[in-house]
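Trainee: After the structure tokens below, expect a handful of questions from me.
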């Protein structure tokens, strides 16, 4: 059944599977929004129907909490997301008025977006990414919906594009259900803004039971904006870049640390002397097997998530080590899903066919496990480096990436545990977890290295390499005492004494132990080492570009500072704002962008002074 009417397509799904609909939709941008919204409205209006949605990463527009955030974010969101339709179920979840005959369960949440929503917190299901397909089978999923890309020449083919991840793993189940006369509904919504990914992502459009193609232009894809890269991110990334082996395999995620690591690898390859100089300025010792030279053979990417960093590595000739795809093509990477900014989507859409065919979108069972042709996977994934981030690491090497100590879920385990476990199963492979040594909370600095933490995404039995801005802690195979010593060495100096005291109290470290470099791990040390490179443009705020305007990029970091600065720093910033009546042209443009050029209220005058102070101090 093919139609341009979302309601008719929703009715066709109900006609095919009955009144109890168990719907699976992909994570991220692969959600067929028009189709899902029509089905939602149909079930909302008819309480005889029941709809259970299973998914992950339901993307919603970022919220703003303060007046200054609203001034900055609101125009940006209008520009970036003005044409993107909200999912009806996320709107209902935010209002906490989901109909009683509709359930929504997610295994991965948009980071931090649902922390204060009890309904979402209660319905969250903790799964590793590689477990999702099995779970969908167990719950008897009878409907699948996905956003797909039309073939450029309209040859009766469509591409699963951004989300081959679980869909490819579920196709055998769908065929089995059809053969058993319990036909599920495989529904596709066509969107011409999705890049057409070739290879395993391509399927015959007739394989779908329901196809929705609304009138063009189709709505744009969800495109989260880039975050600025801090100097702490760069310090972590520079250390991590020395752990990536030439002729090896690379997995990275999304976010500012991933952007920083991409940039650090490019510096290592294209500006090697400057890369080495930055490492020397950081001053921390490197492991014996660290690599500093450019890439002579290059890397192969095997990752659950394709991000724009991989495209940058392709352009610079770093991602070039080829392996064979299932159809025999030579590819430089396998990936399970993608999400990114609009520039990333445009690059994929405009990429020449011969370059695009070197990227193979595939099943998550391929990228995240050694199941299937294990021998081939092991041969391809030489010197694999699985690089991820975490919120907290304990002194004993446990990693928390998804949940707070009170049980509230920030995001989800996703594929992190899959990839860490695989690093321990592959010869020569390593898991690298980036953890910022500190964070700001309630305008205080808090350590992300803890003696104990109530949640462990990765248990200490799988501990491997942890990287902070203060260096590299290689934990694999070490005793608890030596793990603690290694973690203390990369913790912030302000928290080292109390951490060491806790370890001594537990009898895990001998009373006579003293830290050899106590006091050197401080934020001002990182600033002194890397700030000159920042000012010279070697370590830009947005190394992979940004869709923010030039003035928005310039004020992003000062606004981040104002959001979390301690009260003493805020006072000094306020005084800096009062120090001079002269306003430079860039400062004037920043004031105009935030509608503070001509403040009327006392509150706006105070915000103007604070912003000027942050710009002058930055």
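Trainee: Here is a list: 110, 131, 70. Which entry is free of Cβ contacts under 8 Å to residues at least 24 places away in the same chain and closer than 30 Å to residue 558 by Cα? Give the derivation first.
Mentor: Values: 110 fails: free of Cβ contacts under 8 Å to residues at least 24 places away in the same chain; 131 fails: closer than 30 Å to residue 558 by Cα.
Of the residues listed, the single one that is free of Cβ contacts under 8 Å to residues at least 24 places away in the same chain and closer than 30 Å to residue 558 by Cα is 70.
Trainee: Looking at (1) touching a strand residue (DSSP E or B) at 6+ places or on another chain (Cβ under 9 Å); (2) more than 23 Å from residue 262 (Cβ to Cβ); (3) part of a loop (DSSP other than H, G, I, E, B), which is the one condition that is false for residue 490?
Mentor: Among (1) touching a strand residue (DSSP E or B) at 6+ places or on another chain (Cβ under 9 Å); (2) more than 23 Å from residue 262 (Cβ to Cβ); (3) part of a loop (DSSP other than H, G, I, E, B), residue 490 violates only (2).
Trainee: Something else: May I ask you to verify whether residue 64 is assigned to a loop (DSSP other than H, G, I, E, B) and over 17 Å from residue 339 (Cα atoms)?
Mentor: Yes, satisfied.
Trainee: Out of the residues in segment 6-25 meeting the condition of being more than 21 Å from residue 167 (Cβ to Cβ) and touching a strand residue (DSSP E or B) at 6+ places or on another chain (Cβ under 8 Å), tell me which one is surrounded by the most Cβ atoms within 10 Å (Cβ to Cβ).
Mentor: 14
Trainee: Filter segment 412-423 down to the residues that are surrounded by fewer than 23 Cβ atoms within 10 Å (Cβ to Cβ) and either farther than 13 Å from residue 459 by Cα or assigned by TED's automatic domain parsing to the domain that holds residue 116 (or both) and list them by number.
Mentor: Within segment 412-423, just 423 meets the criteria.
Trainee: Would you pick out the residues in segment 509-524 that are in contact with a helix residue (DSSP H, G or I) (Cβ under 9 Å, 6 or more places away or on another chain), surrounded by 12 or more Cβ atoms within 10 Å (Cβ to Cβ) and free of Cβ contacts under 8 Å to residues at least 40 places away in the same chain? Can you show your working first?
Mentor: Applying the first criterion (in contact with a helix residue (DSSP H, G or I) (Cβ under 9 Å, 6 or more places away or on another chain)) to segment 509-524 yields 509-511, 513-515, 518-519, 521, 523.
Within this subset, residues satisfying the condition of being surrounded by 12 or more Cβ atoms within 10 Å (Cβ to Cβ) are 509, 513, 515, 518, 521, 523.
Selection gives 509, 513, 515, 518.
Trainee: Taking residue 468, is it out of contact with any strand residue (DSSP E or B) (no Cβ under 7 Å at 6 or more places or on another chain), under 21 Å from residue 387 (Cβ atoms) and either touching a residue at least 60 places away in the same chain (Cβ under 8 Å) or surrounded by 21 or more Cβ atoms within 10 Å (Cβ to Cβ) (or both)?
Mentor: Yes, satisfied.
Trainee: How many residues does segment 279-290 contain that are modelled with pLDDT of 95 or more and in contact with a helix residue (DSSP H, G or I) (Cβ under 8 Å, 6 or more places away or on another chain)?
Mentor: Counting residues in segment 279-290 that are modelled with pLDDT of 95 or more and in contact with a helix residue (DSSP H, G or I) (Cβ under 8 Å, 6 or more places away or on another chain) gives 4.
Trainee: Follow-up. Answer yes or no: is there a residue in segment 566-580 that is in contact with a strand residue (DSSP E or B) (Cβ under 9 Å, 6 or more places away or on another chain) and either more than 27 Å from residue 281 (Cβ to Cβ) or part of a loop (DSSP other than H, G, I, E, B) (or both).
Mentor: Yes, that holds for at least one residue.
Trainee: Let me ask something additional. Quick one: in segment 93-103, which of the residues that are out of contact with any strand residue (DSSP E or B) (no Cβ under 8 Å at 6 or more places or on another chain) and surrounded by 14 or more Cβ atoms within 10 Å (Cβ to Cβ) is farthest from residue 120 (Cα to Cα)?
Mentor: The residue in question is 99.
Trainee: Inside segment 451-467, can you point out the residues that are touching a helix residue (DSSP H, G or I) at 6+ places or on another chain (Cβ under 8 Å) and part of a strand (DSSP E or B)?
Mentor: If the condition is that a residue be touching a helix residue (DSSP H, G or I) at 6+ places or on another chain (Cβ under 8 Å) and part of a strand (DSSP E or B), then 458, 466, 467 are the ones that fit.
Trainee: Just to check your reading of the model, which residue among 268, 276 is surrounded by 24 or more Cβ atoms within 10 Å (Cβ to Cβ), modelled with pLDDT of 95 or more and in the same structural domain as residue 470 (by TED's automatic domain parsing)?
Mentor: 268
Trainee: Given the criterion surrounded by fewer than 21 Cβ atoms within 10 Å (Cβ to Cβ) and within 24 Å of residue 431 (Cα to Cα), identify the matching residue among 247, 240. Please lay out each step first, then the result.
Mentor: Details: 240 fails: surrounded by fewer than 21 Cβ atoms within 10 Å (Cβ to Cβ).
Exactly one residue qualifies, and that residue is 247.
Trainee: Turning to a different aspect of this structure: Take residue 389 and decide whether it is assigned by TED's automatic domain parsing to the domain that holds residue 495, within 23 Å of residue 459 (Cβ to Cβ) and touching a strand residue (DSSP E or B) at 6+ places or on another chain (Cβ under 8 Å). Break it down stepwise before answering.
Mentor: Details: assigned by TED's automatic domain parsing to the domain that holds residue 495: yes; within 23 Å of residue 459 (Cβ to Cβ): yes; touching a strand residue (DSSP E or B) at 6+ places or on another chain (Cβ under 8 Å): yes.
For residue 389, the condition - assigned by TED's automatic domain parsing to the domain that holds residue 495, within 23 Å of residue 459 (Cβ to Cβ) and touching a strand residue (DSSP E or B) at 6+ places or on another chain (Cβ under 8 Å) - is met.
Trainee: Also: Looking at residue 60 and the list (1) modelled with pLDDT under 95; (2) surrounded by fewer than 15 Cβ atoms within 10 Å (Cβ to Cβ); (3) under 25 Å from residue 218 (Cβ atoms), which single condition is not satisfied?
Mentor: Exception for residue 60: condition (2).
The values are calculated or read from the model by the stated rules, or taken from the named source; none is laboratory data. Owing to the predicted nature of the structure, the values given are computational and were not obtained by experimental measurement. Every residue, glycine as well, gets a Cβ built from its backbone with ideal geometry; the counts of neighbours run over all protein chains shown.
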